[in-house]
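Read through the structure below, which is laid out as structure tokens, and then see the notes.
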Ligand code: SF4
């Protein structure tokens with residue numbers, strides 16, 4: 001039997017098997033099942049229809065109110081209440097509504113997901129936790145309901161694509177740029193039904209924040225999951241948070257990859273993805289005459305403290321351009337508090353930016369920064385589909401916190417180098 | 001099942017199938033009323049029970065929202081035929097009992113308004129307007145079990161110990 005990729009090892013482990021091959025069907029035991037205020041209500045409805053009475057394990061379910069919270073209208077408040085009532089009824093350990101934040105930043109930060117875990121969530125960006133060398137993937141509400149009832153989920157073992165980044169990153173280039181570049185190269189279905197395994201010296205050089213950003217956007221290439229190698233940075237992050245044992249896996253040297261891409265990370269400039277697909281990525285220098293109405297720093301891609309520090313570093317002593325709405329959204333309550341203590345919030349406010357409580361908000365065109373027809377935003381979010389941030393005739397350009405903050409100052413898309 | 005075709009291109013994402021601004025409800029009829037709104041505002045006035053959506057690659061990409069296949073099914077669409085599907089949409093559709101078929105040649109040779117007939121069990125689709133016929137491979141493994149059971153709710157219900 002040939003060696004296994006990281007994803008094959010993780011799935012074999014979760015399925016209690018010695019080995020698996022791409023194409024195998026497995027039933028995996030789940031370490032955690034996630035849903036949010038938008039997907040949980042349907043999952044709860046289906047859970048009841050299944051005749052289930054109790055969740056399989058109250059400590060292995062995470063319900064996070066983040067999409068429309070603080071509740072933006074009566075319907076949203078009703079949805080959140082449905083989830084809250086269910087959490088109380090089932091005595092769910094990880095229910096987050098206050099002192100909460102965006103699910104995909106919150107779960108790793110709280111130590112709820114650990115290396116070696118197998119996680120599904122009723123949210124497509126559940127693939128974020130691959131940064132912890134875990135298997136995680138998004139599902140719909142029905143799969144989530146079945147998993148809450150049984151603690152299991154079936155998977156078809158995917159083929160793996162390996163992405164190797166070597167070389168030294170240019171200034172202002174980070175995880176966001178590497179993943180936008182990757183999607184630009186392979187397309188929004190370039191990894192359809194497949195696993196994306198990352199490696200190379202430039203990946204090990206990234207802090208955890210950048211690795212989460214990269215795995216987060218695996219879904220934007222159609223990927224089933226994204227996964228990062230375990231190293232001393234993973235260990236330091238996890239050991240500061242873990243309250244249970246975890247298992248470390250690494251890919252076999254003779255693992256069988258469907259394809260290996262190797263890129264020189266040192267040749268990549270800050271990237272921006274133009275509307276209306278994340279794969280419309282190009283160097284920031286090619287888009288620098290595009291005027292903007294709004295700049296957003298936040299979302300599960302880039303709402304971490306490291307991201308806010310980068311944005312604050314650029315906004316410090318500068319002013320947001322007249323007529324531009326610059327909205328900063330810390331990813332979680334803890335990050336908000338840290339940003340306040342570090343003086344970042346003051347820097348943002350002095351620069352003329354607005355700081356919101358943690359929420360998905362504008363990322364999905366929900367609230368806190370919805371676009372009108374003809375308006376254009378540069379955002380650190382992960383999707384720029386038609387109508388994603390508001391009106392179907394509005395536009396979203398995806399970029400890193402550095403480019404978003406610099407663009408807020410310039411009033412048009414620009415590189416921090418230009419300031 | 002047979003119906004008229006509504007045709008779309010590649011990468012139809014769940015944000016245009018059902019925009020997030022309508023996701024503050026889980027009411028199926030309300031979701032159906034906004035189906036495809038940001039891609040084709042007329043769709044909802046044209047669609048008739050039994051109609052078929054035909055599209056290119058990566059249909060249903062983007063968010064995990066099960067509201068998307070629910071909206072499509074609820075407005076009467078009998079089947080979605082595409083060159084390929086995004087994987088979460090694929091699972092969701094099977095789970096809720098919205099028939100989906102991967103068949104690239106049919107997509108290439110079918111136009112909006114054509115009448116298409118699909119026989120899932122036989123793995124055969126016919127374009128009645130053009131007089132062409134296509135076959136597609138049957139589902140295998142858990143996907144086939146799901147369809148045979150009538151969706152995920154029924155499947156889990158049968159497996160859970162009676163409470
Ligand atoms: S921040 Fe955006 S992409 Fe992330 S979970 Fe929220 S809505 Fe989804």
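Compute the whole-percent fraction of alpha carbon pairs in the protein assembly as shown spaced more than 33 Å apart.
39
Taking each residue in B:21-30, count the Cβ atoms of any other chain within 10 Å of its Cβ, then average. What number comes out?
Mean number of neighbouring Cβ atoms from other chains: 6.
Restricting to bridges with both residues inside the protein assembly as shown, how much of the DSSP beta-bridge set is antiparallel, in percent to the nearest 5?
About 30 percent, rounded to the nearest 5.
Show that you can apply the helix-only estimate: for chain A, add -39,500 (n - 2.57) for every DSSP H stretch of four or more residues, divide by all residues, and state [θ] at 222 nm to the nearest 500.
Rounded to the nearest 500, the figure is -9000 deg cm²/dmol.
Which percent of the Cα-Cα distances in region A:1-149 go past 22 Å?
39
What do the square roots of 5 times the Cα gyration tensor eigenvalues come to for chain B, in whole Å, largest first, as semi-axes of the equivalent ellipsoid?
For chain B, the ellipsoid semi-axes come out as 24, 21, 13 Å.
To the nearest Å, what is the center-to-center distance of region A:284-308 and region A:354-411, using C-alpha atoms only?
8
Taking Cα centroids, how far is region A:199-260 from region B:115-155 in Å?
38
For region B:2-159, what proportion of DSSP beta bridges, expressed in % and rounded to the nearest 5, is antiparallel?
The antiparallel proportion sits near 50 percent.
Report, in deg cm²/dmol and to the nearest 500, the calculated mean residue ellipticity at 222 nm for chain B, where each DSSP H run with n ≥ 4 adds -39500 (n - 2.57) and the sum is divided by the residue count.
Computed ellipticity for chain B at 222 nm equals -8000 deg cm²/dmol.
Could you give the spread of the C-alpha atoms of region A:273-414 along their three principal axes, from largest to smallest, in whole angstroms?
Projected onto its principal axes, the Cα set of region A:273-414 covers 38, 27, 25 Å.
Could you tell me which of rounded, prolate or oblate describes region A:6-262, using a ≥ b ≥ c as the square roots of the eigenvalues of the alpha-carbon gyration tensor, with rounded for a/c under 1.5 and, failing that, prolate when a/b is larger than b/c and oblate otherwise?
prolate
In what order do A:163, A:56 fall by count of nearby beta-carbon atoms within 10 Å, going from fewest to most?
Lowest count first: A:56, A:163.
Read-outs throughout are calculated quantities, based only on the coordinates presented, and are distinct from any laboratory measurement. Being a predicted model, the structure only gives us computed values, none of them experimental. Neighbour counts are summed over all protein chains in view; Cβ atoms, including those assigned to glycine, are modelled from backbone coordinates with ideal geometry.
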